[in-house]
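See structure below.
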Amino acid sequence: MGGFMAVLNTVGGYAKSVTDFGLTVIVALVVVDVLFPTSTRIIENIAIVVDQFGDQGVAGLIALLLVLVLYRRG
């Protein structure tokens, strides 16, 4: 059982590293899009995702809160 937990910890560490890298890239692209409008269209894509959460009503709000809780926990 100890070996399995070690594997899960290793995979979890890799997943956290990839997620942190992805968030860093997103923030960098937002800065680029603010400085040079419509160069990456990342702000438009973020607006679309937020709009889709809003279209789902309470279920979308719960899903968004769940994502935020899981992100902050890590």
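By the helix-only formula, in which each DSSP H run with n ≥ 4 contributes -39500 (n - 2.57) and the sum is divided by residues, the chain has a 222 nm mean residue ellipticity of -30000 deg cm²/dmol. Label the stretch 2-73 by shape, choosing from rounded, prolate and oblate, from the square roots a ≥ b ≥ c of the eigenvalues of the Cα gyration tensor; if a/c is under 1.5 it is rounded, and otherwise prolate applies when a/b is larger than b/c, oblate when it is not. The shape class here is oblate. Distances between placed amide hydrogens fall under 5 Å for THR40 paired with no residue 5 or more residues away or on another chain.
We did not get these values from a lab; they are worked out from the coordinates using the rules stated. The shown structure was predicted, so the numbers you read here are calculated from the model rather than taken from an experiment.
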